[in-house]
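What follows is calculated from the coordinates using simple rules that are stated; it is not laboratory data. Because the structure is a prediction, the values reported are computed rather than measured. With ideal geometry, Cβ positions are generated from the backbone for all residues, glycine too; neighbour counts draw on all protein chains shown.
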Amino acid sequence: MSAVSCLLTEHQFLCSICLDVFTDPVSTPCGHNFCKTCITEHWNINVPYQCPNCKKVFYSKPELQVNTFISEMAAQFRQSAQQKASSSSSEQQAAKPGEVPCDVCTGTKVKALKSCLVCLASYCETHLEPHLTASRLKKHQLIDPVENLEGRMCTKHDKLLELFCKTDQMCVCMLCTVSDHKTHDVVPLKEEYEGKKAELGKTEAETQQMIQKRRLKIQEIKRSVELSKEDADREIAGGVQVFSALKESVERSQAELIDTIKEKQRETEKQAEGFIKELEQEISELKKRSSEVEQLSRSEDHLHLLQSLPSLNAAPPTKDWTEVSVRPPSYEGTVRRAVKQLEETLSKQMKKLLEAELKRVQQYAVDVTLDPDTANPYLILSDDGKQVKHVDIKKNLSDNSERFDHGVVILAKQSFSSGRFYYSIQFNSILFI
C-alpha cells in the first residue's frame with residue numbers, strides 16, 4: 001500500500017468540502033467520498049440532501065458508510081506527507097522573528113512563501129505545491145504571507161470577509177449582506193481597497209506639499225534674518241562713524257547705540273530660531289505620517305489596509321504659516337535718540353544725521369490716494385484725492401457698505417500688510433486716515 005500511495009498525489013486524498021486530507025472518510029450512495037464531519041454538517045445546513053460533487057439529490061438523508069480503503073490510504077498518505085515535509089523542513093532555514101511561518105510544517109517552522117485566503121493558512125515552498133498543481137486549489141486566492149488569517153473571517157458567520165459595507169464602514173461576509181447589512185451599500189473588498197488606496201495617495205501628496213511649503217517658509221525666514229543683519233550692520237557702521245568723530249565725550253553714547261541695535265537683532269534672530277524650530281518639528285511629524293501613509297498605501301493586502309486605516313494616526317496639528325514672517329526691526333531714529341542727549345555739542349552732526357535718515361527712508365515712499373467710497377458724510381475730498389477736510393453740514397451720499405457712518409474717518413485706496421512704506425501727512429485742520 002505504501003508503494004501505491006507514493007504513486008498518488010495529495011489532491012486525490014482531499015475532501016472537496018474542507019479541501020484537506022480525508023478524516024474518517026465516508027461514501028455517499030452516488031460514490032463520492034467526504035470527511036464524515038464535513039458531509040454531516042453540509043447536510044445539516046442544506047435540505048434537500050444533495051451531493052456537493054455531482055449535485056445528485058437524496059430526498060431522505062442517506063446512511064453514510066465508512067470507506068475503509070480510502071481511510072487507510074489517506075492515513076498512509078498523511079504519514080508519508082508528514083515525513084516528507086519534516087525532512088524538507090529540516091533542510092530549510094527556520095522562519096526568523098517577524099517572518100510568517102508555514103502552518104503545515106510540523107517540525108521546524110519554515111518561512112511561508114504565500115498565504116491562502118480560502119484555506120486561511122500560510123505555506124512554505126514545499127507545502128504550497130498543491131495550490132500550484134491541483135486544479136481545485138489553483139482557484140484559491142494567494143497573497144504575500146500575512147499573520148492572523150483568522151481575523152479575515154466573520155466572527156458571526158465564520159465566512160471569509162470579502163465585502164465592505166460603506167454604510168457601517170466595516171468589512172463583512174456574504175451572509176452579512178442578507179442579515180444585518182441587508183439594505184446597506186455593500187461593495188467588493190477590492191473596490192473599496194482601490195478607493196481608499198487612492199485617498200491615501202492623495203493624503204501623501206498633500207503631506208508632501210505641506211512639507212515643501214514649510215521648507216520654503218524656512219528659506220524665507222532665513223532670508224529675512226540676512227536682510228535684518230545687513231540693515232543692522234549698516235546702522236552700526238553709521239552710528240560708529242558719527243560717534244567716532246566726537247572722541248571721548250561720546251564714546252559711552254556710541255556703545256549704548258551699538259548695544260541697542262544688536263539687542264534688536266538678537267531678538268529678531270531669536271524669533272526666527274523659534275519659527276524655524278517649530279517648522280522643523282512640523283516637518284518631522286509630517287515625515288513620520290508620510291512614512292506611515294506610504295507604507296500602508298503600498299500594501300497589497302486589501303483587508304489589512306482597510307482594517308489598519310482607522311488606526312492610522314490622525315494628521316498632526318500644524319500651524320497656518322501663510323501670514324507668519326520675521327520682520328526686520330526698524331532702526332530709524334535709534335542714532336537720533338542717542339545723539340539728542342548731546343544736542344548742545346552735536347547740533348551740526350544731528351542735522352546731517354536727520355538728512356541722511358530722511359533720504360534713506362524716502363526710498364520706501366509710496367503714493368497714497370484717499371478713497372471717497374469710505375469717507376464719512378462730514379468729510380469733503382479734493383479732486384485729486386490727496387486732501388480732505390471736515391465740514392459741519394452732512395452730505396447726502398449713496399449707501400455704501402464700506403463707508404464710515406459714525407466715525408469721522410476715511411481710508412486710502414492702497415493697503416499695506418507687510419514691508420516698509422513711507423508717506424507723510426500734513427494736518428491743516430482735522431484729518432482722519
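In this structure, Lys96 and Arg420 have a Cβ-Cβ separation that, at R0 = 56 Å, corresponds to a calculated FRET efficiency of about 0.30. Electrostatic tally near Asp383: other residues with Cβ closer than 15 Å to its Cβ, Lys and Arg +1, Asp and Glu -1, net +1.
In a simple Cβ point-charge model (Lys, Arg +1; Asp, Glu -1; nothing else charged), the range 167-231 has a dipole of about 360 debye relative to its Cα centre. Treating each Cα of the range 191-358 as one equal point scatterer and applying the Debye formula with no solvent, the log10 of I(q)/I(0) at q = 0.13, 0.19 Å⁻¹ comes out as -0.73, -1.08. Note that the range 161-170 has calculated 3J(HN,Hα) couplings of 6, 10, 10, 10, 8, 6, 5, 9, 6, 8 Hz, one per residue in order, obtained from phi through the Karplus relation 6.51 cos²θ - 1.76 cosθ + 1.60 (θ = phi - 60°); glycine and proline are x. With a Förster radius of 56 Å applied to the C-beta separation of Glu332 and Ser308, the computed FRET efficiency comes to 0.45. Binning the alpha carbon pair distances of the range 365-433 at 5 angstrom intervals from zero yields the distribution 3, 16, 28, 25, 15, 9, 3, 1, expressed in whole percent. For the chain, the 222 nm mean residue ellipticity estimated from helices alone, with every DSSP H stretch of n ≥ 4 adding -39500 (n - 2.57) and the total spread over all residues, rounds to -14000 deg cm²/dmol. Each residue, Gln212 and Met174, gets one label point 7 Å from its Cα in the Cβ direction; the gap between the two is 4.7 nm. Within the straight-line cut-off of under 17 Å between alpha carbons, the lysines reachable from Lys287 are Lys202, Lys213, Lys217, Lys277, Lys319, sequence neighbours fewer than 8 places apart in one chain being disregarded.
Normalised by the number of residues in the range 365-433, the mean separation of alpha-carbon contacts (under 8 Å, six or more apart) gives a relative contact order of 41 percent. Sorting the segments 397-409, 154-166, 372-384 by their residues' average number of neighbouring beta-carbon atoms within 10 angstrom, most packed first, yields 154-166, 372-384, 397-409.
Distance from the C-alpha centroid of the range 252-266 to that of the range 363-383: 39 Å, rounded to the whole angstrom. Among the chymotrypsin sites (Phe, Trp or Tyr not before Pro) in the range 22-59, those located in a DSSP loop and surrounded by at most 11 other Cβ atoms within 10 Å of their own Cβ are Tyr59.
Put +1 on the Cβ of each Lys and Arg and -1 on the Cβ of each Asp and Glu in the chain; which of Phe58, Cys171, Leu227 then has its Cα farthest toward the positive end of the dipole? Farthest along the dipole direction, towards plus: Leu227. FRET efficiency for the pair Glu292 and Met153, taken as 1/(1 + (r/R0)^6) with r the Cβ-Cβ distance and R0 = 41 Å, rounds to 0.95. Rg and Dmax, both from the Cα atoms of the chain and both in Å, are 42.3, 127. Label-to-label distance for Lys270 and Glu226 is 2.5 nm, based on points extended 7 Å past Cα in the beta-carbon direction. Averaging the sequence gap over all C-alpha pairs within less than 8 Å and six or more residues apart, then dividing by the number of residues, gives the chain a relative contact order of 8 percent. Once the chain from Leu411 to Glu280 is taken as fully extended at 0.36 nm per residue, the excess over their C-alpha distance is 43.1 nm.
For the pair His140/Asp20, report the inter-label distance in nm, with labels modelled 7 Å from Cα in the Cβ direction. Between His140 and Asp20, the label points sit 1.1 nm apart. In order along the range 373-383, the Karplus-derived 3J(HN,Hα) couplings, from 6.51 cos²θ - 1.76 cosθ + 1.60 at θ = phi - 60°, round to 5, 9, 5, 4, x, 8, 10, 10, 9, 5, 4 Hz, and Gly and Pro are given as x. Highest average first, the peptides 23-30, 145-152 ordered by how many other beta carbon atoms sit within 10 Å of their residues are 23-30, 145-152.
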